[in-house]
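The values are calculated or read from the model by the stated rules, or taken from the named source; none is laboratory data. Source: prediction; values computed, not measured. Cβ placement follows ideal geometry from the backbone for every residue including glycine, while neighbour counts extend to all protein chains displayed. For accessibility, only protein heavy atoms count, side chains too; no ligands or nucleic acids. Shrake-Rupley method; radii C 1.70, N 1.55, O 1.52, S 1.80 Å.
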Amino acid sequence: MNFSLCSVPAGWKFAGGVAGIKESGSADLMVAVSDRPASAAGVFTRNLVVGAPVTVGRGRVPAGAVRGVVINSGNANTGTGAKGLEDARAMTRTLAGEIGCDEGDVLVCSTGIIGHMLPVEKILAAIPGVYESRAETPAAVRDAAAAMMTTDTFPKVASREIKIGDGTVRVLGLAKGAAMIAPDMATMLGVVVTDAVLSPETADVILKTAVDDSFNLISVDGHTSTSDTVFLLANGASGVDGEGSAALASAVAEVCGELAEMIVRDAEGAEHLIELHVAGAADRDGAVTIAKAVANSALVKTAVTGNDPNWGRIVSAAGYAGMPFEPTAVSLSVEGVSVYERGTPVGFDEEAVSAAMRDGDRVRIELTVGDGPGRVRFLTSDLTAEYVRLNSEYTT
């Protein structure tokens with residue numbers, strides 16, 4: 001994206017820097033800091049095995065006086081026992097000391113390799129310098145987003161500027177994610193900030209709704225991570241009341257949706273973004289369940305890698321999803337071309353569809369399973385040999 005066009009909410013400053021966690025020497029530590037107390041809400045992984053920062057975060061939101069977030073990459077601080085919890089708290093305590101606030105008013109995330117003890121002394125030594133470099137600029141936002149990256153190939157940032165009454169409100173989101181992506185909070189980290197006035201309770205509702213329609217509707221490999229976290233923080237610096245504002249809720253949802261699509265586009269080794277539309281299910285939950293089954297099918301994903309409009313793999317994946325439907329009511333199109341109608345294959349130009357899959361920006365699959373009201377748009381990626389290589393060599 002063009003970071004110069006990024007709209008930074010009032011009262012928020014960002015920074016990214018190097019703590020020395022990554023052997024590459026790349027940036028691996030970021031802070032996002034408000035100049036005043038902010039309402040905060042969070043959503044977290046539903047994996048039973050969680051990183052220490054998730055445990056800390058769950059105990060601190062919703063809240064009404066959060067001042068900052070500190071995030072390290074390169075080490076997930078997961079499977080690290082009591083020492084991991086103390087290390088996560090030490091990170092918040094150190095940033096709180098720089099800000100001049102209570103330790104409980106700082107949130108923390110970690111992402112990277114699981115099961116390695118956090119090099120916490122390096123992080124604690126680096127936090128003051130990173131904090132001092134904070135700025136309210138698009139460049140600082142870019143640096144912060146880059147410091148969150150693990151196997152990501154680009155920093156992920158989205159923003160919106162909206163009018164509420166006579167006032168202007170800004171919403172800004174930063175995220176990371178490229179693998180271990182599965183829709184059960186979705187495997188990623190995200191920080192969304194705004195300068196609107198919001199209560200913690202309203203922030204919580206807005207965030208959960210936005211996440212359900214964005215990060216929970218993407219998948220790369222079906223693997224739900226231990227570190228999934230998304231925070232929404234509202235510091236009220238604009239003076240504009242966002243309570244009850246549909247425009248603000250939409251802006252947060254749009255930012256989350258844009259970040260979610262970036263994550264799928266950046267999926268490890270991916271050559272295709274797959275846009276899957278499921279319609280006709282009994283309800284939305286049924287449509288989501290069917291979409292997950294299709295999106296996470298290795299056979300469907302590899303067919304797309306090979307530009308193969310193999311309708312049988314898609315239809316059969318829907319059939320084992322566990323949602324009842326009438327097989328004779330199923331229809332399917334790939335890249336706008338009907339390949340299966342009401343339970344019966346139809347003739348189509350396979351070479352032309354294959355070429356469209358190869359040459360397009362994304363592969364669009366539309367699956368109808370009946371006449372019900374349930375429908376969903378779900379994003380996933382294909383599965384390539386490069387994905388296998390990257391993940392087989394991740395720790396070795």
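Laid out as a table, the results:
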{"item": "The stretch 50-63 residues that are modelled with pLDDT under 95, paired with ones that are of a type in the set (Val, Ile, Thr) and surrounded by fewer than 18 Cβ atoms within 10 Å (Cβ to Cβ) (beta carbon under 6 Å, 6 or more apart)", "result": "none"}
{"item": "Any hit, the stretch 227-240, residues being surrounded by fewer than 22 Cβ atoms within 10 Å (Cβ to Cβ) and either over 28 Å from ASP105 (Cα atoms) or in contact with a helix residue (DSSP H, G or I) (Cβ under 8 Å, 6 or more places away or on another chain) (or both)", "result": "no"}
{"item": "Residues located in the stretch 19-31, provided they are in a loop (DSSP other than H, G, I, E, B) and buried (at least 17 other Cβ atoms within 10 Å of the Cβ)", "result": "ALA19, ILE21, LYS22, ALA27, ASP28"}
{"item": "Enumeration of residues in the stretch 110-135 that are part of a helix (DSSP H, G or I) and not β-branched (Val, Ile, Thr)", "result": "GLU121, LYS122, LEU124, ALA125, ALA126, PRO128, GLY129, TYR131, GLU132"}
{"item": "Residue within the stretch 298-319 that is open to solvent by 40 Å² or more (accessible area, probe 1.4 Å), touching a Lys or Arg at 6+ places or on another chain (Cβ under 6 Å) and closer than 16 Å to MET357 by Cβ present", "result": "yes"}
{"item": "Residue list for the stretch 121-135, restricted to those being touching a strand residue (DSSP E or B) at 6+ places or on another chain (Cβ under 7 Å) and either among the β-branched types (Val, Ile, Thr) or open to solvent by 80 Å² or more (accessible area, probe 1.4 Å) (or both)", "result": "ILE123, ILE127, VAL130"}
{"item": "Residue within the stretch 350-368 that is in contact with a His (Cβ under 6 Å, 6 or more places away or on another chain), at pLDDT 95 or above and surrounded by 13 or more Cβ atoms within 10 Å (Cβ to Cβ) present", "result": "yes"}
{"item": "Filtered residue count, the stretch 103-120, keeping only those that are at pLDDT 95 or above and surrounded by 15 or more Cβ atoms within 10 Å (Cβ to Cβ)", "result": "11"}
{"item": "Scope the stretch 68-99; condition surrounded by 24 or more Cβ atoms within 10 Å (Cβ to Cβ) and not in a helix (DSSP H, G or I); matching residues", "result": "GLY68, VAL69, VAL70, ILE71, ASN72, SER73, GLY74, ASN75, ALA76, ASN77, THR78"}
{"item": "Set VAL353, VAL330, VAL346, VAL376: member being aliphatic (A, V, I, L, M) and in contact (Cβ under 8 Å) with a residue 60 or more places away in the chain", "result": "VAL376"}
{"item": "Test for LEU259: is it over 18 Å from VAL334 (Cβ atoms), buried (at least 23 other Cβ atoms within 10 Å of the Cβ), at pLDDT 95 or above and within 17 Å of the chain's Cα centre (by Cα)", "result": "yes"}
{"item": "Among the residues listed as GLY343, GLY347, GLY372, GLY336, the single one being at pLDDT 90 or above, surrounded by fewer than 13 Cβ atoms within 10 Å (Cβ to Cβ), within 26 Å of SER214 (Cβ to Cβ) and not basic (Lys, Arg)", "result": "GLY336"}
{"item": "Unique residue being at pLDDT below 95 and not in a strand (DSSP E or B) when the list is VAL288, VAL252, VAL264", "result": "VAL264"}
{"item": "Count - residues of the stretch 142-159 that are of a type outside the set (Lys, Arg) and surrounded by fewer than 21 Cβ atoms within 10 Å (Cβ to Cβ)", "result": "3"}
{"item": "Filter result for LYS13 (within 24 Å of GLU258 (Cα to Cα) and outside any loop (DSSP other than H, G, I, E, B))", "result": "yes"}
{"item": "Any pair with Cβ under 7 angstrom, 6 or more apart, that starts in the stretch 160-171 at a residue that is in contact (Cβ under 8 Å) with a residue 12 or more places away in the chain and ends at one that is acidic (Asp, Glu)", "result": "ARG160/GLU254; THR168/GLU161; VAL169/ASP195; ARG170/GLU161; ARG170/ASP195"}
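The rows are residues; the columns are (1) among the aliphatic types (A, V, I, L, M); (2) over 19 Å from VAL193 (Cα atoms).
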| position | (1), (2) |
| --- | --- |
| VAL31 | yes, no |
| VAL56 | yes, yes |
| ASN72 | no, no |
| GLY81 | no, yes |
| GLU86 | no, yes |
| ILE99 | yes, no |
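Yes or no, residue by residue, for (1) charged (D, E, K, R); (2) touching a Lys or Arg at 6+ places or on another chain (Cβ under 8 Å):
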| position | (1), (2) |
| --- | --- |
| ALA144 | no, no |
| ASP166 | yes, no |
| VAL171 | no, yes |
| LYS176 | yes, yes |
